[in-house]
Amino acid sequence: MDFELSAEQREIQALTRDFAEREIEPHAADWDRNHTFPREVFTQLAELGLMGTCVPEAYGGAGTDFLSYVLVLEELSRADAGVGVTVAVHTSAVTLPILTFGTDEQRSRFVPPLARGEHLGAFALTEPEAGSDAGALRTRAEPDGDGWRITGNKQWITNGRHSGTFLVFTRTDSSTAGARGVTAFILDADQVQVTRDEEKLGLNSSVTNDIAIDGAYVERDRLLHEEGRGFRVAMQTLDGGRIGIAAQAVGIAQAAYDVALAYARERRTFGKAIGEHQAIQAKLADMSMEIDAARLLVHRAAWLKDRGEPVTEAGAKAKLFASEMARRQTAEAIQILGGYGYTKEFPVERYYRDAKITEIYEGTSEIQRIVIARAILGLQAAASRT
Ligand code: CAA
């Protein structure tokens, strides 16, 4: 067992941290307040190779392992969780499934522009009446000549307004309900209409949209994987995606801890720094321990993925623990800062708002517990190996 990062992993971590401290963190409060989507940041990240971190160089990526990619997500999210989710969805939920399930032609055509950050990707699974119960989706793909015509509405689509490539999950077989009969397609931006911008509690530097697809025509070259096997594409994609969201949660919690620790050293009450009071010491000790534990779960899940081992259970555990930890510990950071923590003078209230969503998207905590329970009880037939 080796807990040390490799030289290459440390290098990409340092590169991302340096960029995030200079180009992201100083603007994060403004972007949050003004709901600014920092498009130019993604161009800069692309120049550093970070819009396709774990994508092979042959497809325009940086060619790193998956663990390096989660280190990038942690560092970006530590500076701005909205930037973190934009990169996470773009990479784990769109670029990687095209690499994994696509034909050679699809990989060569769709992956390089995504990996080079020429445009963003969006993952369109969720619908107004199909969230946790993803298999209830109703978007239809009806046969038409050599292809299909796609019609339906999707909700809570991260990156929707800024995406060039959409991974869209549809029902090709209307005779079956549930997961069977779901098929994935790759669509372009001009085949999708953005119908609404969501107003959110946090993550204000990311965009979340409703989209409508109104009879978009696709041929066979847009079908990802096999007809009727799209649910498996979605589930395997989310198995990996959840590790990325767990890394995002660790980054947010780390940022809150950094502020709380510095404050505890400076702020004085009853004649000494508050860090010398045991009540505050206990909070800092718990924060530090829980962040360590979450990070270890994230790194283990990423390591398993790099070895080609199943990650369904390990990814769900990492996401569940890291997201609940981030919500708990960002609240504790506010508590350490007292009244200041509740104001916009310090960033901890933003971290608290941003942390909350990690317990909801890419599968709620309740869904993660179902996934883990099914795995340990042997009730989940399929295990992801990508
Ligand atoms: N890997 C591969 N295949 C899997 C799988 C996995 N991890 N999990 C399930 N499957 C397969 C099953 O083997 C089964 O295949 P067959 O039909 O061939 O037997 C099929 O998928 C159906 O499986 P289930 O019966 O287990 O399906 P279910 O309807 O009970 O649902 C669920 C399971 C885990 C609850 C699933 O619906 C789920 O994960 N829900 C949460 C959805 C979610 O996470 N949405 C996030 C939206 S994206 C997002 O948030 C992105 C963003 O913007 C940040």
Ranking by accessible area, most exposed first, for Arg17, Arg10, Arg180, Arg350 with a 1.4 Å probe | Arg180, Arg10, Arg17, Arg350
Viscosity 1.306 mPa s, temperature 10 °C: Stokes-Einstein D of the chain from its Kirkwood Cα radius, in µm² per second?
-> 75 µm²/s
Out of residues 5 or more away from Ala273 or on other chains, whose amide H comes under 5 Å of its own, with H placed 1.01 Å from N in the peptide plane?
-> none
When the chain is modelled as a GNM with alpha-carbon springs shorter than 10 Å, which of Tyr257, Tyr352, Tyr340 fluctuates the most?
-> Tyr340
Rounded Å value of the spacing that divides the Cα centres of region 142-171 and region 99-120 = 17 Å
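If I stretch the segment between Glu129 and Phe270 completely, what's the gain in nm (0.36 nm per residue apart, minus their alpha carbon distance), one decimal? Don't skip to the answer; put the middle values down first.
Values: separation 141, 0.36 × 141 = 50.76 nm, distance 5.47 nm.
Full-extension gain reported as 45.3 nm.
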Cα-based convex hull volume of region 122-228 per residue, rounded to whole Å³ | 93 Å³
Computed ³J(HN,Hα) along region 143-148: with the Karplus parameters 6.51/-1.76/1.60, θ = phi - 60°, integer Hz and x for glycine or proline, the list is x, 8, x, 7, x, 9
In a Gaussian network model of the chain with springs linking alpha carbons closer than 10 Å, the residue among Leu224, Leu337, Leu50 that fluctuates most is Leu337
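Can you give the Kirkwood hydrodynamic radius of region 192-287 from its Cα pairs, in Å with one decimal? If you can, show how the numbers build up before the last one.
Values: mean 1/r = 0.0540 Å⁻¹.
Mean inverse Cα-Cα distance, inverted, gives 18.5 Å.
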Within a Gaussian network of the chain (alpha carbon springs, distance under 10 Å), most fluctuating of Gly152, Gly241, Gly82 | Gly152
Using only helices, what value at 222 nm comes out for the chain when you add -39,500 (n - 2.57) per DSSP H run of length 4 or more and divide by the total residues, to the nearest 500 deg cm²/dmol?
-> -16000 deg cm²/dmol
Between Rg and the Kirkwood Rh of region 293-386, both from Cα atoms, what is the Rg to Rh ratio?
-> 1.11
Please identify the chymotrypsin sites (Phe, Trp or Tyr not before Pro) of region 1-101 that satisfy two criteria: DSSP loop assignment and at most 11 other Cβ atoms within 10 Å. Which are they?
-> Phe3
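The values are calculated or read from the model by the stated rules, or taken from the named source; none is laboratory data. What you see is a predicted model; the values in this text were computed from it and never measured. Neighbour counts run over all protein chains shown; Cβ positions are idealised from the backbone, glycine included. Surface accessibility is based on the protein's heavy atoms, side chains included, excluding ligands, DNA and RNA. Shrake-Rupley method; radii C 1.70, N 1.55, O 1.52, S 1.80 Å.
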